[in-house]
Amino acid sequence: MLRITRGDSAVLIGGDAPLGSWERLDGRNPELLRAEAIRVPHHCGHATEGGTEWTEYEQLYTAVNAKLSVVSVGTNNGYEHPQTEHLVAARRGGQCRLICTQLTPRCHHNPPELREAMKDQATMVEPPYRHWDEDGKPRSTEVPCAGSVVAWIDAGGKLHHEPSAGSEHSKLLLRVDGPLCQQALD
């Protein structure tokens, strides 16, 4: 786990930290879980430790209280990431913006159908992107959604990120069947 701070603001990068790490951090100093942005742990998938599945997603995201949750996920992951219950907890009823790096079949019936549009409009995704060769021909069936996500805290402690709300990425989501990031508002 990595927590980057500037003044009173923080970005939290959970990676694949064992579940016990989150619980220990919460138990020792809950304030260390507070962050304006979080890179969602375990690619927004089911997380297990010692054979036990963790179900405390809501508790984690309530403690973090982020304004932005970023899901690093692959189009063709074999784990059915992102998981809906994880997304719902991260969104906290719409209080947190959720963005994924790539489009998955859980959001659109045929992600490769949207590859060109997503590639051209996703933030910071320009050929040669690792999934396209120099001639613009696809190397794989991976499809960017938000693409590369960049977050920073300015000197005044305000979080900024790309893609920003209202960006081309937000308009692009209107073409997607049922993006989970939008469904997770319950």
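Data overview
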| item | result |
| --- | --- |
| Of all accessible heavy-atom area on the chain, the percent that carbon and sulfur account for (1.4 Å) | 48 percent |
| Dipole moment magnitude, nearest 20 debye, the chain about Cα centre, only Lys, Arg, Asp, Glu C-beta charged | 360 debye |
| Degrees, to the nearest 10: 19-28 long Cα axis against longest axis of the chain | 40 degrees |
| Convex hull volume per residue for the chain, taking Cα atoms only, in Å³ | 118 Å³ |
| Sequence-distant lysines (8 or more away, or on other chains) whose Cα lies within less than 22 Å of Lys67 | Lys158, Lys171 |
| For the chain: accessible area per residue (Å², 1.4 Å) | 51 Å² |
| The stretch 102-113 - phi-based ³J(HN,Hα) in whole Hz, Karplus 6.51/-1.76/1.60, Gly and Pro as x | 9, 7, 10, x, 6, 10, 8, 4, 8, x, x, 4 |
| Neighbourhood charge, 11 Å Cβ-Cβ cut-off, centred on Leu60 and excluding it, Lys, Arg +1 and Asp, Glu -1 | -3 |
| Distance from the stretch 144-186 to the stretch 61-105 (C-alpha centre basis), Å | 11 Å |
| Share, in percent, of DSSP beta bridges within the chain that are antiparallel, nearest 5 | 55 percent |
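The values are calculated or read from the model by the stated rules, or taken from the named source; none is laboratory data. In this text, all values refer to a predicted model and were calculated from it rather than measured experimentally. Cβ coordinates were reconstructed from backbone atoms using ideal geometry, including for glycine residues, and neighbour counts include every protein chain displayed. With ligands, DNA and RNA removed, areas are computed over all heavy atoms of the protein, side chains included. Shrake-Rupley method; radii C 1.70, N 1.55, O 1.52, S 1.80 Å.
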